[in-house]
1. Filter the range B:222-238 down to the residues that are surrounded by 14 or more Cβ atoms within 10 Å (Cβ to Cβ) and of a type in the set (A, V, I, L, M) and list them by number.
2. Please state which one of A:VAL8, A:VAL21, A:VAL58 is buried (at least 17 other Cβ atoms within 10 Å of the Cβ) and aliphatic (A, V, I, L, M).
3. Limited to the range B:176-198, what total is found for residues that are in a helix (DSSP H, G or I) and away from chain A (no Cβ under 14 Å)?
4. Might you check whether a residue that is modelled with pLDDT of 95 or more, under 16 Å from B:SER330 (Cα atoms) and of a type in the set (A, V, I, L, M, F, W, C) occurs anywhere in the range B:228-238?
5. Looking at the structure I just gave you, is B:ASN207 under 30 Å from B:PHE264 (Cα atoms), more than 7 Å from chain A (Cβ to nearest Cβ), among the polar types (S, T, N, Q) and part of a helix (DSSP H, G or I)?
6. Return the total of residues in the range B:54-72 being exposed (fewer than 15 other Cβ atoms within 10 Å of the Cβ) and part of a loop (DSSP other than H, G, I, E, B).
7. Filter the range B:79-98 down to the residues that are exposed (fewer than 15 other Cβ atoms within 10 Å of the Cβ) and not aliphatic (A, V, I, L, M) and list them by number.
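The values are calculated or read from the model by the stated rules, or taken from the named source; none is laboratory data. This structure is a prediction, so every number in the text was calculated from the model and none was measured. With ideal geometry, Cβ positions are generated from the backbone for all residues, glycine too; neighbour counts draw on all protein chains shown.
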Amino acid sequence: MDLLAPGVGLMFWQLVIFLVVFFLLRALAWKPIMSSLKTRDAMIDDSIKQAETARDEVAQMKADNEYLLQEARAERDKIVNDALAVANKIKEEAKSETSVIADKMLQDAKATIQNEKKAALTEVKDLVGSLSLEIAEKVMREKLSDDASQKSLVDKFLKDVKVN
Amino acid sequence: MKKIFRNNMLKFLKINLLIFLVTLFNFSNAKASGGEGKEFNIGEMITHHISDSHEWHFFDGATLYLPVILYSSDRGIEVFSSANFYGDHHEVVDYNGYKYEHGHIVPLESSRSILDFSITKNVATLFLTAILMVLVFTAVARGYKKNANTGPRGIQSFFEPIIVFVRDEIVKPNIGPKYEKFTPYMLTLFFFIWFGNILGLLPGAANLTGNTAVTIVLALLTFILVNVNGNKAYWGHIFNTPGVPWWLKLPIPIMPVVELIGIFTKPFSLLLRLFVAITAGHIVLLSLIGLTFLFHSWAVGIGSALVVTVINFIEILVATIQAYVFTMFSSLYIGMAVADHHDDH
């Protein structure tokens, strides 16, 4: 059949032109295109990998920061607690010292008061004795007619004593 | 979203209208080639349209007479215009000892034999396809130089997915790890067949990829690539097929013969498939257009034009599928020849 029979001329031209196109395109198009595609693919892969690494690094850094922050917080708490403990201790010590001093002062005061009281009592005793002697002397010295005048005299002397 | 859809619809309708007009335009073409006065012969019209010729008939009054190049042992190379075969009233005449019948140049003396290297309609289309391919793909390659390491732009972004598809979906899976060496050939093959198929659908265009001369050469190149690159495992598989009982190989080498025939049936299926698919598509289109002239009816004309418009879209699809299939099978055959067999069958 005429339709199926290949023309020799067309076969020749087809072979020549196809090969020319093939070699031209291989040099001018396919090789540069393939290498560009490869480079771009590699670049995209690299970029993705880099992005992943960067993301991991950021996550690591975040974790580190978190850890550092936690540590700092813990240290801060420790310092504050220590300070509070020291303060408390100082307070307690101050308190106990104060009470000791107060006790001592109280004791001292009591002792002083006791001493003063003793001295006062001694003085009063002396005074009473001397007064009694004085009163007795004055009574003796004056001539006393009745008991009433004696009594008023005693009162008068006692009044004098109080004034002292 | 809706707007995009409407725009696409509009575009689709525009293309539809264009193809419809082109088809209508083809009527006058087909009618003219039917010949005036003569009875319209649909078979003749179709054969004329899908066969090669020495002139390029666009429509009546616009015929490009292409150069004839002949080689014969006694006269050497002869070059003249195919217009010489036509007389003043467009009748076919003999010229310089040659006669022109049914698109073939035959010497008047039956003892002489010639080889016809003429720039026929198909050869001219071949040149156009080649020039178009070189222009398009050097432009694409320039895009890669200009937009290095960025996304594709312009024509580059149209062809990049196709190039990547050929590489990743056709060549890589079928050939295997050694695919890189064959990618340029496969890309050239794919785009040559695709461009040729699509250009062949234009009105007045030649039926380039539906010509056995073209498909034979393409299949031959694949055949050569397969057998030149065939490794030890490939030849071993042919001459001493593993996993087959010995009495199929000795004393009568049934399996080797079958396998040897297989070497040739593979490229033969390639060349036949492409030729048949494209030529059949053209015959369907031309038959539908021819109906109009068989029925002498405008109504049939409009009806068949609508059907032809639809078939034209299918043919665009077929053009792509055939390019894919030819490239895919070529890759598969090469893949079988270069694969490292681990004898798993």
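1. B:LEU225, B:VAL226, B:ALA233, B:ILE238
2. Result: A:VAL21 is the single residue among A:VAL8, A:VAL21, A:VAL58 that is buried (at least 17 other Cβ atoms within 10 Å of the Cβ) and aliphatic (A, V, I, L, M).
3. So the count comes out to 2.
4. no
5. So B:ASN207 fails the test.
6. 2
7. Answer for the range B:79-98, where residues must be exposed (fewer than 15 other Cβ atoms within 10 Å of the Cβ) and not aliphatic (A, V, I, L, M): B:SER81, B:GLY87, B:ASP88, B:HIS89, B:HIS90, B:GLU91, B:ASP94, B:ASN96, B:GLY97.
The rows are residues; the columns are (1) in a strand (DSSP E or B); (2) touching a residue at least 12 places away in the same chain (Cβ under 8 Å); (3) of a type outside the set (S, T, N, Q).
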| residue | (1), (2), (3) |
| --- | --- |
| B:ASP52 | no, yes, yes |
| B:ASP74 | no, yes, yes |
| B:ARG112 | no, yes, yes |
| B:ASN122 | no, yes, no |
| B:PHE127 | no, no, yes |
| B:LEU135 | no, no, yes |
| B:GLY151 | no, no, yes |
